[in-house]
Amino acid sequence: MTNKILIGLLVILVIFSGLLGFYSHTLSKEVNVLSERLTTIQEDLTDFREESISRSGALAKDIIGTSSRISGLEVEIDGAATRLGTLDDKLGGSLTRIATLEGDLSDTLASVGSLDDEIKNVAGRIAEAMISADSIYQGASQSVVRISNGEQVIGSGFIIDTDAHVLTAYHVIENLTEINTILPDGSFSAATIVGTCKRSDVAVLLLEKPPGAEPLAFADSDSARIGEPVVAIGNPFDLTETLTSGIISQLNRLAEIDFTSETRGVGNLIQFDAPVNFGNSGCPVLNSRGDVIGMAIARIDPLDGDGICYAISSNKLKRVTASLIEQGSFDYPWVGISISDITPHLAQSIGRETINGVLVGQVAAEGPANTAGLKVNDIITAIDGVAVRDVAEFISYLGEKSRPKDMATLTVIRDSVELELSLKVGKWPT
């Protein structure tokens with residue numbers, strides 16, 4: 001029994017030993033396979049490491065090369081930026097020069113335009129200086145009439161519109177009971193008085209027979225210049241259609257003129273030196289274009305001097321004439337003061353360094369100036385912002401620019417203080 005058990009155990013042991021050997025053999029084979037695989041893996045790892053090292057070296061070289069190229073690019077970029085900055089500076093300088101050239105070009109064009117205006121102005125002056133008296137005479141003389149009392153020529157006049165109105169001086173017709181006008185062609189017509197302004201020495205007549213002559217046009221006397229050539233066409237001493245020539249000597253004159261019945265102060269006068277005599281009163285004074293720049297009314301007495309004649313300015317004539325035709329009278333502007341020029345002694349006594357301006361001597365109690373607060377001894381230096389040097393300029397401004405009921409601003413010096421006074425222009429008392 002015991003032997004059977006031992007035999008059984010030995011059989012089991014042999015079987016186990018066989019199984020263990022087989023397992024060991026199998027395990028050994030698997031170990032060898034794993035060892036071979038491990039060797040292969042180690043070789044692969046070695047190859048990979050070497051390849052990695054090789055690739056890392058190449059990559060490092062690439063990185064170093066790329067870094068070098070980047071550095072080179074940075075240098076190039078810096079150089080390009082520097083060049084760009086230089087170009088920008090050059091461009092800025094160029095733009096500045098272009099702007100300067102544009103400014104110079106604009107200035108040049110402006111100078112050319114100014115030069116063109118000067119050339120035109122000089123050409124105009126040359127044309128005016130080369131006045132064609134013959135052409136003016138041929139164009140204007142047929143519109144100049146003789147004013148007669150029926151027996152002799154008293155003065156002159158000229159046709160101003162197509163309604164048969166004739167303009168002449170008030171003092172020419174002042175004492176006439178009968179008025180006749182004679183045209184250059186010998187035709188004549190009775191005339192009636194439409195209206196008169198004694199203070200301006202202006203009268204408008206209406207012819208019974210419409211004349212065939214063209215009316216004369218008025219110039220703008222504000223554009224008249226001292227030295228400008230003028231001609232007068234009138235009838236001195238019954239010497240019909242006489243032309244004389246001269247120049248404008250001064251503007252905005254105020255003169256005390258001796259008429260037949262009295263001496264009257266007349267403003268808005270153009271002083272000229274074209275000879276005029278008895279019979280010329282009321283004749284047109286014409287500029288180089290043949291337009292009426294004034295109407296002759298007086299001359300200095302030959303015993304006192306020569307070459308000084310006076311004509312009422314065309315702008316004053318236009319204002320007065322329009323009013324006379326419309327209402328038969330002219331409302332002469334009035335501010336209610338008496339004024340005088342400032343002398344050097346007076347200027348010194350009141351501490352002024354100039355004689356420009358006018359001194360107020362009297363202020364009418366019921367006049368516009370008194371209402372505005374003007375006082376005796378005030379000095380008026382401007383009206384409506386227009387400087388006045390003397391009485392003549394002040395009166396001329398009123399006569400041509402102001403109307404009754406207009407508002408006017410006087411610039412006044414009172415005790416060395418400048419004031420501005422507003423007043424409502426009145427109408428000259430009857």
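Every read-out reported here was derived from the displayed coordinates using simple, explicitly stated rules and does not represent laboratory data. These numbers were taken from a predicted model, which means no experiment stands behind them. With ideal geometry, Cβ positions are generated from the backbone for all residues, glycine too; neighbour counts draw on all protein chains shown.
Over 13 Å, how big is the tail of the calculated P(r) for the stretch 171-224, in percent of all Cα pairs? Tail of the P(r) past 13 Å holds 69 percent of the pairs. Summarising the amide proton neighbourhood of Ala382: residues at separation of 5 or more, or on other chains, whose placed amide H is nearer than 5 Å comprise Val388, Thr411. Here the Karplus curve 6.51 cos²θ - 1.76 cosθ + 1.60, taken at θ = phi - 60°, turns the phi angles of the stretch 278-295 into couplings of 4, x, 7, 3, x, 7, x, 10, 10, 8, 5, 8, x, 9, 6, 9, x, 10 Hz, with x standing for Gly and Pro. The slack in the chain from Thr192 to Glu36, taken as 0.36 nm per residue of separation less the alpha-carbon distance, amounts to 40.8 nm. Neighbour counting of Cβ atoms within 10 Å sorts the residues Val363, Val386, fewest neighbours leading, into Val386, Val363. Cross-link reach is defined here as a Cα-Cα straight distance under 22 Å, omitting same-chain residues fewer than 8 places apart; for Lys318 the lysines meeting it are Lys198, Lys401, Lys405, Lys427. Computed from phi, the 3J(HN,Hα) profile of the stretch 171-185 under the Karplus parametrisation 6.51, -1.76, 1.60 (θ = phi - 60°) reads 5, 5, 9, 3, 10, 8, 8, 9, 10, 10, 10, 10, 8, x, 7 Hz, with x in place of Gly and Pro. Computed extension length for Leu101-Lys4: 21.5 nm, one decimal, from 0.36 nm per residue of separation with the Cα-Cα distance subtracted. In summary, the stretch 142-238 shows an alpha-carbon radius of gyration equal to 1.09 times the 2.2 N^0.38 Å reference for compact globular proteins. I'd like the FRET efficiency for Asp89 and Asp117, computed as 1/(1 + (r/R0)^6) with the beta carbon distance as r and R0 of 41 Å, rounded to 0.05. For R0 = 41 Å, the calculated efficiency reads 0.50.
Residue order for Arg264, Arg146, Arg319, Arg289, fewest other beta carbons within 10 angstrom first, comes to Arg289, Arg264, Arg319, Arg146. What is the local net charge at Ile379, summed over the other residues whose Cβ is closer than 9 Å to its Cβ (Lys, Arg +1; Asp, Glu -1)? Combined, the nearby Lys, Arg, Asp and Glu give +1. Just report the Cα centroid separation between the stretch 367-430 and the stretch 192-219, whole Å. Cα centroid of the stretch 367-430 versus Cα centroid of the stretch 192-219: 32 Å apart. Note that the stretch 182-302 carries a Kirkwood radius of 15.5 Å, evaluated over its alpha carbons pair by pair. Taken over the alpha carbons of the stretch 262-401 as equal point scatterers, the Debye sum produces base-10 log I(q)/I(0) values at 0.22 Å⁻¹ of -1.31. Between Ile248 and Gly227, Glu228, Val230, the built amide H atoms are under 5 Å apart, and every one of these is 5 or more places off in sequence or on another chain. Note on Phe272, Phe158, Phe278: ascending count of other Cβ atoms within 10 Å places them as Phe278, Phe158, Phe272, the fewest first. D by Stokes-Einstein for the stretch 333-427, Kirkwood Rh over Cα pairs, 25 °C, 0.890 mPa s: 187 µm²/s.
In order along the stretch 250-265, the Karplus-derived 3J(HN,Hα) couplings, from 6.51 cos²θ - 1.76 cosθ + 1.60 at θ = phi - 60°, round to 6, 10, 6, 7, 10, 9, 8, 10, 7, 9, 4, 9, 6, 9, 10, x Hz, and Gly and Pro are given as x.
Computed over neighbours whose Cβ is under 14 Å from that of Cys197, the net charge equals +3, Lys and Arg +1, Asp and Glu -1.
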